[in-house]
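These notes are about the structure you will find just below.
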Amino acid sequence: ACTGIENIDEAITLLEQNNWDLVAAINGVIPQENGILQSEYGGETLHGPAYGPTSHSTVASSTPSSSSAFRHVVPSRQIVERQPRMLDFRVEYRDRNVDVVLEDSSTVGDIKHILENELQIPASKMLLKGWKTGDVDDSTVLKTLHLPKNNSLYVLTPDLPLPSSSHSGALQESLNQNFMLIVTHREVQREYNLNFSGSSTIQEVKRNVYDLTSIPVRHQLWEGWPPSATDDSMTLAASGVTFPCHRLTVGRRSSPVQTREQSEEQCTDVHMVSDSDGDDFEDATEFGVDDGEMFGVASSALRKSPMMPENAENEGDALLQFTAEFSSRYGDCHPVYFIGSLEAAFQEAFYGKARDRKLLAIYLHHDESVLTNVFCSQMLCAESIVSYLSQNFITWAWDMTKEANRARFLTMCTRHFGSVVAQTIRTQKTDQFPLFLIIMGKRSSNEVLNVIQGNTTVDELMMRLMAAMEIFSAQQQEDIKDEDEREARENVKREQDEAYRISLEADRAKREAQEREMAEQFRLEQIRKEQEEEREAIRLSLEQSLPPEPKEESTESVSKLRIRTPSGEFFERRFLASSKLQVVFDFVASKGYPWEEYKLLGTFPRRDVTQLDPNKSLLEVKLYPQETLFLEAKE
């Protein structure tokens, strides 16, 4: 009713950005010049152009017993006209940031026309990226996208060439040069000659001047910076200061709420603010301590020993120094910080087995916040918190004090969590640090479950950690179930593959055995054939070498031999009685029965003729005039 916001997602986003403070959320949407909405507990009227006298009378007539924190408002369509909602856009292009403020009734093309004037780039060459709803065209009305009040976009110009290498070379040369800054302290009329490299930032210069003059950065009033030096994160090389020397003047900025006692002290950095009334700020130095000593740590020591080196090349080395410095300040009872890059911490926390996964807690430290020492010493180092973090979390830390380290983390944050989370951290004020980010890994992305600010208690911190753990446990159970089912499927498939492999091995072994058997049979067959051929050759040779068989009417003595084969067949031949016994052996071998394999036996008396001297004649061995012999295979 007050803001005209009907999209529930947009309303929840605004409430989360204001830590669920309804009044702050409504005031953030309704421009301040239109009035501030007040709750029942802080006021009795609703001011602003949307609520004229008629609206006020409606409020007064509302039910007194209502339990709502705000009075019921029934806007009249005849007299109430909602103010246009303003949207803030921060648009990044290469090394520039452009802030654009438009009504939600404007179009995407209106943003491009504003950027065309600021960046001197034709609107037709721009690709405007970073929309949560995907790519949009120039005619899209911003109101239809249901955007939050603060948005981050970036411009791509693929059709335009990159800046010339000569300009980049000149800038790189300037980064390597040393600049002499002659700084005059206005109040004491004292000059300081300070040497800085071109890569040093304006913020570093101001912090060094704070060490020399005791004027906090936020109270410094400068003269002499070039008009191009619009951002403290700019380097001296890019700021336009004169090389090699440049003159500057610094003084203390007067505060409208500064009390007479503070004016006399003129050295303050920490103010104690009462939450219950609107008293003026009181300087902590009135009690004889500075902002560091209030929490047991000297401010000079904090400045001399940073938690993390600036522009550290290796994140692991930076975390080693962070852990050592944290232990020296707050003792050894503290969370075990993961030593390594943020990507390695993701790997350790999210990408193991589902049963071994943990939540990732990212601690963002800031030395310039008044809450840091209390949060570290009383909450982060509490034994219950340390034990719970060790059991359920992988804890990774980063120091946001130095601007270079801050920018480096925001880049990592954008890459891993998206521009919305990075913008949320970017908009956090120094006094809202330290921050504790609770990250849960999901299948396709990493989700930020909670952003815990430094103004909390041990019990509240533990409750929020336990709440995040409950969400994570539910997700982990689902992941374990999915992983078990996947492993079961993989085991079945693995068993099937193993059975198939064994079957293939058995088939291959069987096939190889058959091939070996066939090869052996072929080899034996070849040997048999060769032996048969050899035997046949020998038989033919012996048959050809036999003397001719004598005729029956021969005048010489003839011996007639009748030989029975193992198969029962008989063959006969006549030999001269004077022929040697070897001729008989050769005749038998020519018939296929070599005497090396067969023995020739006589009948009466039974004798082994093959054992006789083959050079004796048939007459001498008494195989005359006739004899019946039979062949028998040798054993």
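The values are calculated or read from the model by the stated rules, or taken from the named source; none is laboratory data. None of these values were measured; they are calculated from a predicted model. Positions of Cβ are backbone-derived with ideal geometry, glycine not excepted, and every protein chain shown enters the neighbour counts. Note: accessible area is taken over every heavy atom of the protein model, side chains too, but ligands, DNA and RNA are not part of it. Shrake-Rupley method; radii C 1.70, N 1.55, O 1.52, S 1.80 Å.
Exactly one of these conditions fails for PRO148: (1) open to solvent by 40 Å² or more (accessible area, probe 1.4 Å); (2) touching a Leu at 6+ places or on another chain (Cβ under 7 Å); (3) at pLDDT 85 or above; (4) not hydroxyl-bearing (Ser, Thr, Tyr). Give me its number.
The single condition PRO148 does not satisfy is (1).
Among the residues of segment 610-624, are any open to solvent by 30 Å² or more (accessible area, probe 1.4 Å), touching a strand residue (DSSP E or B) at 6+ places or on another chain (Cβ under 6 Å) and assigned to a strand (DSSP E or B)?
no
Output yes when any residue across segment 404-412 is closer than 24 Å to ASN455 by Cα, in contact with a Lys or Arg (Cβ under 8 Å, 6 or more places away or on another chain) and not in a loop (DSSP other than H, G, I, E, B), and no when none is.
Residues of segment 404-412 that are closer than 24 Å to ASN455 by Cα, as a first pass: 405-407, 409-410.
Restricting the remaining residues to those that are in contact with a Lys or Arg (Cβ under 8 Å, 6 or more places away or on another chain) gives 410.
Those still in the list that are not in a loop (DSSP other than H, G, I, E, B) too: 410.
Yes, there is a match, as at least one residue in segment 404-412 is closer than 24 Å to ASN455 by Cα, in contact with a Lys or Arg (Cβ under 8 Å, 6 or more places away or on another chain) and not in a loop (DSSP other than H, G, I, E, B).
Quick check on segment 590-607. Is at least one of its residues among the aliphatic types (A, V, I, L, M) and over 26 Å from GLU635 (Cα atoms)?
No, segment 590-607 contains no residue that is among the aliphatic types (A, V, I, L, M) and over 26 Å from GLU635 (Cα atoms).
Taking segment 547-571 as the search range and keeping residues that are among the hydroxyl-bearing types (Ser, Thr, Tyr) and under 14 Å from LYS591 (Cβ atoms), which one is surrounded by the fewest Cβ atoms within 10 Å (Cβ to Cβ)? If you could, list the steps in order and put the result at the bottom.
If we filter segment 547-571 for residues that are among the hydroxyl-bearing types (Ser, Thr, Tyr), which is where we start, we get 554-555, 557, 559, 565, 567.
Still in the running and under 14 Å from LYS591 (Cβ atoms): 565, 567.
On the way: THR565: 16, SER567: 6.
The qualifying residue surrounded by the fewest Cβ atoms within 10 Å (Cβ to Cβ) is SER567.
Residue by residue, here is whether (1) closer than 22 Å to LEU319 by Cα; (2) modelled with pLDDT of 90 or more; (3) open to solvent by 60 Å² or more (accessible area, probe 1.4 Å) holds:
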| position | (1), (2), (3) |
| --- | --- |
| SER387 | yes, yes, no |
| PHE393 | yes, yes, no |
| PHE409 | yes, no, no |
| LEU449 | no, no, no |
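Here is a list: GLU447, GLU460, GLU470, GLU487. Which entry is in the same structural domain as GLN347 (by the TED database), more than 30 Å from ASP399 (Cα to Cα) and not hydrophobic (A, V, I, L, M, F, W, C)?
Details: GLU447 fails: more than 30 Å from ASP399 (Cα to Cα); GLU460 fails: more than 30 Å from ASP399 (Cα to Cα); GLU470 fails: more than 30 Å from ASP399 (Cα to Cα).
The conditions single out GLU487.
Here is a yes/no grid of residues against (1) under 24 Å from the mean Cα position of the chain (by Cα); (2) within 30 Å of LEU359 (Cα to Cα):
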| position | (1), (2) |
| --- | --- |
| THR457 | no, yes |
| ILE471 | yes, yes |
| GLN476 | yes, yes |
| VAL492 | no, no |
| SER503 | no, no |
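Please state which one of VAL91, VAL59 is at pLDDT 80 or above and not in a loop (DSSP other than H, G, I, E, B).
Exactly one of VAL91, VAL59 is at pLDDT 80 or above and not in a loop (DSSP other than H, G, I, E, B), namely VAL91.
Any chance you could count how many residues in segment 413-459 are among the polar types (S, T, N, Q) and either on the phi > 0 side of the Ramachandran plot or assigned to a helix (DSSP H, G or I) (or both)?
6
Give the number of residues within segment 106-142 that are of a type in the set (Ser, Thr, Tyr) and open to solvent by 70 Å² or more (accessible area, probe 1.4 Å). Step through it out loud before you land on a result.
Just the residues of segment 106-142 that are of a type in the set (Ser, Thr, Tyr), to begin with: 106-107, 124, 133, 139-140.
Checking which are open to solvent by 70 Å² or more (accessible area, probe 1.4 Å) leaves us with 124, 133, 139.
Summing the residues that are of a type in the set (Ser, Thr, Tyr) and open to solvent by 70 Å² or more (accessible area, probe 1.4 Å) in segment 106-142 gives 3.
Of all residues in segment 321-372, how many are open to solvent by less than 30 Å² (accessible area, probe 1.4 Å), at pLDDT 90 or above, assigned to a loop (DSSP other than H, G, I, E, B) and closer than 30 Å to GLU483 by Cβ?
Total meeting the criteria: 1.
Can you pull out the residues in segment 398-407 that are open to solvent by 40 Å² or more (accessible area, probe 1.4 Å) and hydrophobic (A, V, I, L, M, F, W, C)?
Within segment 398-407, just ALA407 meets the criteria.
Which one of these is in contact with a Ser or Thr (Cβ under 8 Å, 6 or more places away or on another chain) and touching a residue at least 24 places away in the same chain (Cβ under 8 Å): SER214, SER199, SER228?
That would be SER199, the only listed residue that is in contact with a Ser or Thr (Cβ under 8 Å, 6 or more places away or on another chain) and touching a residue at least 24 places away in the same chain (Cβ under 8 Å).
Please state which one of ARG528, ARG516, ARG489, ARG508 is assigned to a helix (DSSP H, G or I) and either touching a Ser or Thr at 6+ places or on another chain (Cβ under 8 Å) or open to solvent by less than 90 Å² (accessible area, probe 1.4 Å) (or both).
ARG508
For PHE522, state whether it is touching a residue at least 60 places away in the same chain (Cβ under 8 Å), in a helix (DSSP H, G or I) and of a type in the set (Phe, Trp, Tyr).
So PHE522 does not fit the description; no.
With the condition kept exactly as written, say whether any residue in segment 572-586 is surrounded by 12 or more Cβ atoms within 10 Å (Cβ to Cβ) and hydroxyl-bearing (Ser, Thr, Tyr).
Within segment 572-586, one or more residues are surrounded by 12 or more Cβ atoms within 10 Å (Cβ to Cβ) and hydroxyl-bearing (Ser, Thr, Tyr).
If the requirement is being without any contact (Cβ under 8 Å) to a residue 12 or more places away in the chain and more than 30 Å from GLU596 (Cβ to Cβ), which of these qualifies: GLU515, GLU530, GLU534?
Exactly one of GLU515, GLU530, GLU534 is without any contact (Cβ under 8 Å) to a residue 12 or more places away in the chain and more than 30 Å from GLU596 (Cβ to Cβ), namely GLU515.
Give the residue, chosen from ILE480, ILE502, ILE438, ILE471, that is of a type in the set (A, V, I, L, M), in contact (Cβ under 8 Å) with a residue 12 or more places away in the chain and open to solvent by 40 Å² or more (accessible area, probe 1.4 Å).
Only one candidate passes the filter, namely ILE471.
Could you please give the count of residues in segment 591-609 that are farther than 8 Å from LEU581 by Cβ and either of a type in the set (Val, Ile, Thr) or not in a strand (DSSP E or B) (or both)?
Of the residues in segment 591-609, the ones farther than 8 Å from LEU581 by Cβ are 591-608.
Filter once more, keeping what is either of a type in the set (Val, Ile, Thr) or not in a strand (DSSP E or B) (or both): 591-597, 603-606.
Of the residues in segment 591-609, 11 are farther than 8 Å from LEU581 by Cβ and either of a type in the set (Val, Ile, Thr) or not in a strand (DSSP E or B) (or both).
For VAL584, indicate whether it is over 60 Å from the mean Cα position of the chain (by Cα), in contact (Cβ under 8 Å) with a residue 40 or more places away in the chain, assigned to a helix (DSSP H, G or I) and within 16 Å of GLU632 (Cβ to Cβ).
no
For residues that are charged (D, E, K, R) and part of a strand (DSSP E or B), scanning just segment 550-581, find the one that is farthest from GLN531 (Cα to Cα).
LYS560
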